[in-house]
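Scroll down for the structure; my scribbles are underneath it.
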Amino acid sequence: MNDIRVRGYKSISFWQEEGIGLIVIRSDTKGNFDLNTLDEMIAAFGIAAMDESVHSIALTGMNNIFAKKLLISSITNREIYRMMQSSSSLISMIYSFQKPVFAILNGDAVDEGYEIALLADRIIAADDIKVGFDQGYEFKIGGSFTSLRMKKTEISGPLEGINVDTVLRHENLLETSKEIIKKDHDTNYSIRRRQRYHDITELINLEKLYYYENYLSRS
């Protein structure tokens with residue numbers, strides 16, 4: 001897996017660079033992305049899991065945006081069910097992934113974007129971005145339990161050890177992040193990830209239940 005993979009992908013780009021599998025979220029200029037993004041990320045993780053040349057995964061964004069809002073075409077039984085299935089499948093895939101997962105926040109990571117970042121073992125953020133959840137935000141991608149490792153989750157600038165793990169100067173973000181990732185050979189990331197979410201099925205089902213009770217049962 002050496003070349004940029006765009007064939008077969010619409011919502012992400014995916015390639016391997018120096019042992020790092022890079023997944024780039026191709027959100028629009030406002031940071032919006034769709035459910036197909038989650039589905040393509042699942043496929044990319046599946047490929048990376050089988051590729052011995054990939055030692056870790058790094059999630060990032062494009063055009064100085066990581067990701068913000070997940071767009072759903074309509075609040076219908078079908079779309080809510082699809083969202084729940086795609087979200088839980090991505091969480092389960094990352095939970096069982098046996099290689100380190102990093103998030104490189106090259107731009108704002110808000111709401112669903114921050115939830116995706118929180119799925120990573122280590123969040124590396126540029127120093128001039130915003131991260132966190134809007135007041136009243138409804139968790140969709142595991143944030144109800146992944147956010148518990150952070151001391152602050154309301155929207156603010158990146159704070160090392162508070163709402164992200166590492167903060168770097170934006171102008172050197174990608175290159176410095178790659179060096180950190182290549183040197184970070186902590187093989188226990190996946191073990192600790194599974195220990196944190198040992199009751200993953202129950203945690204996912206609680207988020208599903210929320211949407212069933214608040215959306216599906218009313219439609």
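Pairing each residue of segment 184-206 that is closer than 19 Å to Ser147 by Cβ with any residue that is among the aromatic types (Phe, Trp, Tyr), provided the two are 6+ apart or on different chains, yields C-beta distances under 7 Å for Arg193/Tyr95; Arg194/Tyr95; Tyr197/Tyr95; Tyr197/Phe145; Ile200/Tyr95; Leu203/Phe145; Leu203/Tyr197.
Being surrounded by 23 or more Cβ atoms within 10 Å (Cβ to Cβ) and within 26 Å of Glu202 (Cβ to Cβ) is true for just one of Tyr114, Tyr95. Which residue is that? Before the answer, list the steps.
Values: Tyr95 fails: surrounded by 23 or more Cβ atoms within 10 Å (Cβ to Cβ).
The conditions single out Tyr114.
Taking the criterion of being touching a residue at least 60 places away in the same chain (Cβ under 8 Å) and either in contact with a His (Cβ under 8 Å, 6 or more places away or on another chain) or not in a helix (DSSP H, G or I) (or both), the residues of segment 92-116 that qualify are Phe97, Gln98, Lys99, Pro100, Val101, Phe102, Ile104, Asn106, Gly107, Asp108, Val110.
Just to check your reading of the model, which residue among Ser73, Ser89, Ser53, Ser147 is touching an Asp or Glu at 6+ places or on another chain (Cβ under 7 Å) and outside any strand (DSSP E or B)? So that I can check it myself, show each step before the final result.
Working: Ser89 fails: touching an Asp or Glu at 6+ places or on another chain (Cβ under 7 Å); Ser53 fails: touching an Asp or Glu at 6+ places or on another chain (Cβ under 7 Å); Ser147 fails: touching an Asp or Glu at 6+ places or on another chain (Cβ under 7 Å).
Residue meeting the stated conditions: Ser73.
The single condition among (1) touching a Ser or Thr at 6+ places or on another chain (Cβ under 9 Å); (2) surrounded by 13 or more Cβ atoms within 10 Å (Cβ to Cβ); (3) basic (Lys, Arg) that Arg169 does not satisfy is (2). One residue is enough: does segment 44-67 have a residue meeting the conditions closer than 24 Å to Phe133 by Cβ, modelled with pLDDT of 95 or more and open to solvent by 30 Å² or more (accessible area, probe 1.4 Å)? Looking through segment 44-67, none of the residues is closer than 24 Å to Phe133 by Cβ, modelled with pLDDT of 95 or more and open to solvent by 30 Å² or more (accessible area, probe 1.4 Å).
Quick check: anything in segment 94-105 hydroxyl-bearing (Ser, Thr, Tyr) and in contact with a strand residue (DSSP E or B) (Cβ under 9 Å, 6 or more places away or on another chain)? For segment 94-105, residues hydroxyl-bearing (Ser, Thr, Tyr) and in contact with a strand residue (DSSP E or B) (Cβ under 9 Å, 6 or more places away or on another chain): absent.
Among all residues of segment 2-12, there is none that is among the charged types (D, E, K, R), modelled with pLDDT of 95 or more, in contact with a helix residue (DSSP H, G or I) (Cβ under 7 Å, 6 or more places away or on another chain) and open to solvent by 50 Å² or more (accessible area, probe 1.4 Å).
Taking segment 13-38 as the range and being open to solvent by 30 Å² or more (accessible area, probe 1.4 Å) and part of a strand (DSSP E or B) as the test, the residues that pass are Trp15, Glu17, Asp34. Kindly establish whether Thr76 is of a type in the set (S, T, N, Q) and surrounded by fewer than 17 Cβ atoms within 10 Å (Cβ to Cβ). Considered against the rule, which asks whether it is of a type in the set (S, T, N, Q) and surrounded by fewer than 17 Cβ atoms within 10 Å (Cβ to Cβ), Thr76 comes out as yes.
Based on this model, can you work out whether Ser190 counts as open to solvent by less than 50 Å² (accessible area, probe 1.4 Å) and either hydrophobic (A, V, I, L, M, F, W, C) or within 28 Å of Gln85 (Cα to Cα) (or both)? Yes: the conditions hold for Ser190.
State which residue is surrounded by the fewest Cβ atoms within 10 Å (Cβ to Cβ) when the search covers only segment 117-145 and only residues that are small (Gly, Ala, Ser) and touching a residue at least 60 places away in the same chain (Cβ under 8 Å). Step through it out loud before you land on a result.
Filtering segment 117-145 down to residues small (Gly, Ala, Ser) leaves 117, 120, 125-126, 132, 136, 142-144.
Subset that is touching a residue at least 60 places away in the same chain (Cβ under 8 Å): 120, 142, 144.
Details: Ala120: 22, Gly142: 24, Ser144: 16.
Among those that are small (Gly, Ala, Ser) and touching a residue at least 60 places away in the same chain (Cβ under 8 Å), it is Ser144.
Taking helices (runs of 4 or more DSSP H) that do not extend beyond segment 166-217, which have at least 3 residues that are modelled with pLDDT of 85 or more?
In segment 166-217, the matching helices (runs of 4 or more DSSP H) lie at 173-183, 189-196.
The values are calculated or read from the model by the stated rules, or taken from the named source; none is laboratory data. These numbers come from a predicted model, not from an experiment. So basically every Cβ, Gly included, is an ideal-geometry build from the backbone, and we count neighbours across all protein chains shown. These area figures cover heavy atoms from the full protein model, side chains too; ligands, DNA and RNA do not enter into them. Shrake-Rupley method; radii C 1.70, N 1.55, O 1.52, S 1.80 Å.
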